[in-house]
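**Q** Here it is, the structure, as structure tokens.
The values are calculated or read from the model by the stated rules, or taken from the named source; none is laboratory data. In this text the structure is predicted, and so the values were computed from the model without any measurement. No Cβ is skipped: glycine too gets one built from the backbone with ideal geometry, and neighbour counts run over all protein chains shown.
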There are 2 protein chains.
Amino acid sequence: MSLIVQKYGGTSVGDVERIKKVAERIKYTVARGHRVVAVVSARAGVTTELIARAHAVCPDPSDRELDMLMSVGEQETIALTAMALHANGIEAVSFTGGQAGIQTDMVHTKARIRAINAEAVEAQLDLGKTVIVAGFQGINEHGHVTTFGRGGSDLTAIALASALKAERCEIYTDVDGVYTADPRVVGGARKLDEISYDEMLELASAGSKVMQSRSVEFAKKHQVIFEVRSSFNYNRGTVVKEEVSHMEDVVVRGVAVDKDQAKVIVSNILDKPGSAAKVFRALADATIVVDMIVQNVGRNGIANLTFTVPQADTRKAQKALDPVLEEIGGGHVAVHEHIAKLSVVGVGMKTHSGVAADLFKGLADADINIDLITTSEIKISVVIELDRADEAARITHRVFGLDGE
Amino acid sequence: MSLIVQKYGGTSVGDVERIKKVAERIKYTVARGHRVVAVVSARAGVTTELIARAHAVCPDPSDRELDMLMSVGEQETIALTAMALHANGIEAVSFTGGQAGIQTDMVHTKARIRAINAEAVEAQLDLGKTVIVAGFQGINEHGHVTTFGRGGSDLTAIALASALKAERCEIYTDVDGVYTADPRVVGGARKLDEISYDEMLELASAGSKVMQSRSVEFAKKHQVIFEVRSSFNYNRGTVVKEEVSHMEDVVVRGVAVDKDQAKVIVSNILDKPGSAAKVFRALADATIVVDMIVQNVGRNGIANLTFTVPQADTRKAQKALDPVLEEIGGGHVAVHEHIAKLSVVGVGMKTHSGVAADLFKGLADADINIDLITTSEIKISVVIELDRADEAARITHRVFGLDGE
């Protein structure tokens, strides 16, 4: 019998009615002759509630105790899901991350999986049981509970699929799969049947919120093929796997828009070695993730450094930069929040030229000004005016022949 | 440094404000040079909420999954309590029952403690940390979570105090200690400074709700001295320990009234061997706890069997008895719910005669009719009319010289 690992996120198990639906879907899979391991998240909202209580008793709760507290959310869901399966006549047993043998490093709230000892899960599968595993959590070598941070339940599912050599891994979420563009913005957006790990990673970094990069990276490293699909219908989703040859026929796989970035310009920097390093060291020390970086130097040896950071971090970025400004020549900092980043992604770009030219011409024809440009092997990103971002996405989608009929 | 085990019940940790108060009290103890292990329950109401969710997904949830679900309640409280201690500058670490080395048998929802491997707790104490342990739960030899049933957190505290050879064990609750009678009913009721295990056990079985018998039995068996006291003030409570000689000077330690019993009369039974056995076998199979039992046989060989059961179980008792009535001679069942059980308890009774006579005379003088009577070595219980129970308690309290000044 083939083994399928399924993952249900917080919205999919949001209340008891939803949990019953998840149980029905698991039953549907079992009834088709598969063995199932289901990874579930905490009910949507529970983790936020727990953290609020933590802050009510302690202004700066320790990560170790936060993990002990937050892991409660998934533990509730696994028990309820197992019960809902019992009510459907399916033999099921629930396991916390620790009980499922998910061993992590010693870091709390952002633990990394070190190893999975899947014997206990395998023993239950051999008894014919469906196993429900708490996502997002494991234990470290001292037996303390650890959690993985955002997107942690996806990681649990993909790591378990790898350890158990599952035939399939299904990530159930509240969208139907990965689209060529955001369907709420681009009318002609189509769901992709498949996509490569690298494209999925570039789409994630380009602002498409389907999954965290970390889980996709893990899947790529361990060659776990997984399918992103909706828990609210039985439609096929998007299969994510290593690049395959026919994929190259498609030059651009998708268009993504990220409206959560802000542009920061550090101007009038003395163009001498080490200036840029000082700027980005200061931002890194403040744990600010910098995305696009562009530098240009004028004739007079005065440089401008432009980059994008998450909008939520702009104040933190300004504060972090204040102390270094004098060191680097008394430059000054300007922040522009009224921008968006538009990206086109596709492994086909590796072997096709002209993608950048087509993108720029499409935008120019619509009189949309391009501010910054960065490129990677399979992605081109441009910063444009926020107000025209949706229009730009529609135009680009059409330019690259992605519109459905 | 002396070690104190403290236990805080569900009301004491009922919300974040209460949890902060508990942290202050633990800090108070630590500041006096003690090492502290604190056992905490789930916030009042949480367990009920979780069970309601269980029944919403499954009409008959499995005990194994109920344990997985319910243990979440204490796990939340231990983390929040540890955080609240951190906010008070006290180094603290939280442990689930399993992490604290509390090993149980394989029974779910009513597990019994088999052994405590206290090494992990001791290691943290040696590091100077305060250890917060989840009450009510342990793990079995398969590593599955088990829970202990009602009063389970008291049991955790007393068992840990025994395993850790603690100097003191303090059970914090919402009452000031054990009283000679219910102070809401008997104006002159006084808090007892000390009481023996046996008296405490008889008071519990007589309807005094301070603690479950099970924890007191465990304390008696392992000779754990503990103090019952309030978490809402700093008053001294009641110390519970083995009988000591001067205790015998007091004949009656306390008066208890139980209004939750109902009287069942099975009449017209053929007085032949095995009739009573059949009745009580049927009740036991229906897990109904029978308290007082009285049988009297008339001249004609027709017997009446009278006993008391919890009021909540009267319907279940009638149903359980239906099939056996014919076997035992076609007797019939009558239920009287309008009764109360009044008990006087004291180890001094062992060596003093006349207690029963004093009790009966006191009630007779007030024209209160006695229905059933049972006695044990240190307790006399009578069933009387419900409406006169409070008055009877006040009279009895006075008769035995228990009234305070």
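**Q** Of all residues in segment B:74-91, how many are more than 7 Å from chain A (Cβ to nearest Cβ) and of a type outside the set (A, V, I, L, M, F, W, C)?
**A** Number satisfying all stated conditions: 6.
**Q** Then there's this: Just give me the residues in segment B:202-215 being within 8 Å of the chain's Cα centre (by Cα) and under 16 Å from B:K241 (Cβ atoms), in sequence order.
**A** Hits for segment B:202-215 are B:A204, B:V210, B:M211, B:S215.
**Q** Same structure again: How many residues does segment B:379-393 hold that are more than 23 Å from the chain's Cα centre (by Cα) and part of a helix (DSSP H, G or I)?
**A** Count: 4.
**Q** Go through (1) within 21 Å of the chain's Cα centre (by Cα); (2) assigned to a loop (DSSP other than H, G, I, E, B) and name the single condition B:Q99 misses.
**A** (1)
**Q** Give B:A282, B:A317, B:A277 a once-over and let me know the one that is over 30 Å from B:V178 (Cβ atoms), surrounded by fewer than 14 Cβ atoms within 10 Å (Cβ to Cβ) and either out of contact with any helix residue (DSSP H, G or I) (no Cβ under 6 Å at 6 or more places or on another chain) or touching a residue at least 40 places away in the same chain (Cβ under 8 Å) (or both).
**A** The match here is B:A277.
**Q** Residue check: is B:A56 at pLDDT 95 or above and crowded, with 21+ Cβ neighbours inside 10 Å?
**A** Spelling it out, it is not the case that B:A56 is at pLDDT 95 or above and crowded, with 21+ Cβ neighbours inside 10 Å.
**Q** Picking from A:S94, A:S153, A:S71, which residue would you name as being touching a Gly at 6+ places or on another chain (Cβ under 9 Å), within 8 Å of chain B (Cβ to nearest Cβ) and crowded, with 23+ Cβ neighbours inside 10 Å?
**A** Among A:S94, A:S153, A:S71, only A:S71 is touching a Gly at 6+ places or on another chain (Cβ under 9 Å), within 8 Å of chain B (Cβ to nearest Cβ) and crowded, with 23+ Cβ neighbours inside 10 Å.
**Q** Here's another thing I want to ask about it. Looking only at segment A:357-382, count how many residues are in contact with a Ser or Thr (Cβ under 7 Å, 6 or more places away or on another chain) and over 21 Å from A:A189 (Cβ atoms).
**A** Residues in segment A:357-382 being in contact with a Ser or Thr (Cβ under 7 Å, 6 or more places away or on another chain) and over 21 Å from A:A189 (Cβ atoms): 2 in total.
**Q** Same structure, new question: Sort out which residues of segment A:319-355 are at negative phi, among the small types (G, A, S) and modelled with pLDDT under 90, and write them in order of number.
**A** Scanning segment A:319-355 gives A:G331, A:G348, A:S353.
**Q** Check whether at least one residue in segment B:158-166 is in contact with a His (Cβ under 9 Å, 6 or more places away or on another chain), surrounded by fewer than 24 Cβ atoms within 10 Å (Cβ to Cβ) and modelled with pLDDT under 95, and report yes or no.
**A** Checking segment B:158-166: not a single residue is in contact with a His (Cβ under 9 Å, 6 or more places away or on another chain), surrounded by fewer than 24 Cβ atoms within 10 Å (Cβ to Cβ) and modelled with pLDDT under 95.
**Q** OK, next. When segment A:203-243 is examined, which residues are found to be in a loop (DSSP other than H, G, I, E, B) and farther than 28 Å from A:A23 by Cβ?
**A** A:A206, A:G207, A:S208, A:Q223, A:E242, A:E243
**Q** Additional query: Could you please find all residues in segment A:361-381 being in contact with a helix residue (DSSP H, G or I) (Cβ under 7 Å, 6 or more places away or on another chain) and buried (at least 16 other Cβ atoms within 10 Å of the Cβ)?
**A** Answer for segment A:361-381, where residues must be in contact with a helix residue (DSSP H, G or I) (Cβ under 7 Å, 6 or more places away or on another chain) and buried (at least 16 other Cβ atoms within 10 Å of the Cβ): A:G362, A:L363, A:I368, A:I378, A:K379, A:I380.
**Q** Hey, A:L50 hits all of (1) more than 10 Å from chain B (Cβ to nearest Cβ); (2) buried (at least 19 other Cβ atoms within 10 Å of the Cβ); (3) in contact with a Gly (Cβ under 7 Å, 6 or more places away or on another chain) but one; which does it fall short on?
**A** (1)
**Q** Which members of segment A:203-217 meet the condition of being at pLDDT 90 or above and crowded, with 19+ Cβ neighbours inside 10 Å?
**A** Passing the criteria: A:R214, A:S215, A:V216.
**Q** Considering only segment B:104-118, state which residues are within 22 Å of the chain's Cα centre (by Cα) and within 14 Å of chain A (Cβ to nearest Cβ).
**A** B:H108, B:T109
**Q** Right, here's the next one. Which one is farthest from the other protein chains (Cβ to nearest Cβ) among residues in segment B:13-32 that are within 18 Å of A:C58 (Cα to Cα) and part of a loop (DSSP other than H, G, I, E, B)?
**A** Among residues in segment B:13-32 that are within 18 Å of A:C58 (Cα to Cα) and part of a loop (DSSP other than H, G, I, E, B), the one farthest from the other protein chains (Cβ to nearest Cβ) is B:G14.
**Q** Continuing with the same structure: Against the condition under 26 Å from B:L164 (Cα atoms), within 25 Å of the chain's Cα centre (by Cα) and of a type in the set (A, V, I, L, M), how does B:V13 come out, does it pass?
**A** yes
**Q** Of the conditions (1) part of a helix (DSSP H, G or I); (2) modelled with pLDDT of 90 or more; (3) closer than 18 Å to A:G346 by Cα, A:A256 fails just one. Which one is it?
**A** If we test A:A256 against (1) part of a helix (DSSP H, G or I); (2) modelled with pLDDT of 90 or more; (3) closer than 18 Å to A:G346 by Cα, just (1) comes out false.
**Q** Same structure, new question: Just name the residue that is surrounded by the fewest Cβ atoms within 10 Å (Cβ to Cβ) out of those in segment A:342-360 that are in a loop (DSSP other than H, G, I, E, B) and touching a residue at least 60 places away in the same chain (Cβ under 8 Å).
**A** Among residues in segment A:342-360 that are in a loop (DSSP other than H, G, I, E, B) and touching a residue at least 60 places away in the same chain (Cβ under 8 Å), the one surrounded by the fewest Cβ atoms within 10 Å (Cβ to Cβ) is A:T351.
**Q** Would you call A:G89 assigned to a loop (DSSP other than H, G, I, E, B), under 16 Å from A:G152 (Cβ atoms) and not polar (S, T, N, Q)?
**A** no
**Q** Counting just the residues of segment A:130-170 that are among the basic types (K, R) and in a loop (DSSP other than H, G, I, E, B), which one comes out farthest from the chain's Cα centre (by Cα)?
**A** Restricting to residues being among the basic types (K, R) and in a loop (DSSP other than H, G, I, E, B), the top hit is A:K165.
**Q** What number of residues within segment A:30-47 satisfy the criterion of being β-branched (V, I, T) and surrounded by fewer than 19 Cβ atoms within 10 Å (Cβ to Cβ)?
**A** Of the residues in that region, 0 qualify.
**Q** Shifting gears a bit: Checking B:G10 against (1) in a loop (DSSP other than H, G, I, E, B); (2) closer than 15 Å to B:Q137 by Cα; (3) facing another protein chain (nearest Cβ under 9 Å), only one condition comes out false. Which one?
**A** (3)
**Q** Do we have A:V309 as in a loop (DSSP other than H, G, I, E, B) and under 31 Å from the mean Cα position of the chain (by Cα) here?
**A** In short, no.
**Q** Sticking with this one: Within segment A:104-128, which residues are out of contact with any helix residue (DSSP H, G or I) (no Cβ under 9 Å at 6 or more places or on another chain), more than 20 Å from A:V72 (Cβ to Cβ) and either among the polar types (S, T, N, Q) or buried (at least 20 other Cβ atoms within 10 Å of the Cβ) (or both)?
**A** Residue satisfying the conditions is A:Q124 alone.
**Q** Do we have A:S41 as more than 9 Å from chain B (Cβ to nearest Cβ) and in contact with a strand residue (DSSP E or B) (Cβ under 8 Å, 6 or more places away or on another chain) here?
**A** Answer is yes for this residue.
**Q** Same structure again: Among the numbered criteria (1) in contact with a Leu (Cβ under 8 Å, 6 or more places away or on another chain); (2) within 30 Å of B:G98 (Cα to Cα); (3) not hydrophobic (A, V, I, L, M, F, W, C), which single criterion is violated by B:D174?
**A** If we test B:D174 against (1) in contact with a Leu (Cβ under 8 Å, 6 or more places away or on another chain); (2) within 30 Å of B:G98 (Cα to Cα); (3) not hydrophobic (A, V, I, L, M, F, W, C), just (1) comes out false.
**Q** Considering each of B:R35, B:R43, B:R64 in turn, give the residue that is without any contact (Cβ under 8 Å) to a residue 60 or more places away in the chain and of a type in the set (D, E, K, R).
**A** B:R43
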